[in-house]
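What follows is one structure encoded as structure tokens, with my remarks underneath.
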Amino acid sequence: MKKCNLLKKYGTLFLLLCMLGTSIYYSMPVMTVSASEIQPLSDDIRWVFKIENGKKYKRLYNYTTQTWVGNWILVG
């Protein structure tokens, strides 16, 4: 009975060490990336506000493409 438990423990330890060794051996190399190589996945769209004739308006602006999105909306 004790021999069987010892065999299980050593067998499990051996398998864990083998798995750990292969994961370290096949790990991906570390790569350095400069900031100029990074591209955003989505556009940077924010609200822009203006006051005209005492009334406040807002409009979406896409800072990534530098274009307006939609029309001016009266806020109040």
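The values are calculated or read from the model by the stated rules, or taken from the named source; none is laboratory data. Since the model is a prediction, treat every value here as computed from it, not as a measurement. All Cβ positions, glycine included, derive from the backbone under ideal geometry; neighbour counts span all protein chains shown. The area values use the complete protein model at the heavy-atom level, side chains included, leaving out ligands, DNA and RNA. Shrake-Rupley method; radii C 1.70, N 1.55, O 1.52, S 1.80 Å.
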Exercise. Give me the net charge of LYS58's neighbourhood, meaning all other residues with Cβ under 15 Å from the Cβ of LYS58; Lys, Arg count +1, Asp, Glu -1.
Key: +4
Quiz prompt | Formal net charge of residues neighbouring VAL75 (Cβ-Cβ distance under 9 Å; K, R +1; D, E -1) | solution = +3
Quiz item: Length gain on complete extension for the stretch LYS55 to THR32, per 0.36 nm per residue less the alpha carbon to alpha carbon distance?
Solution: 3.3 nm
Exercise. Run the accessible area of segment 35-75 with a 1.4 Å probe and give the carbon-and-sulfur part as a rounded percent.
Key: 51 percent
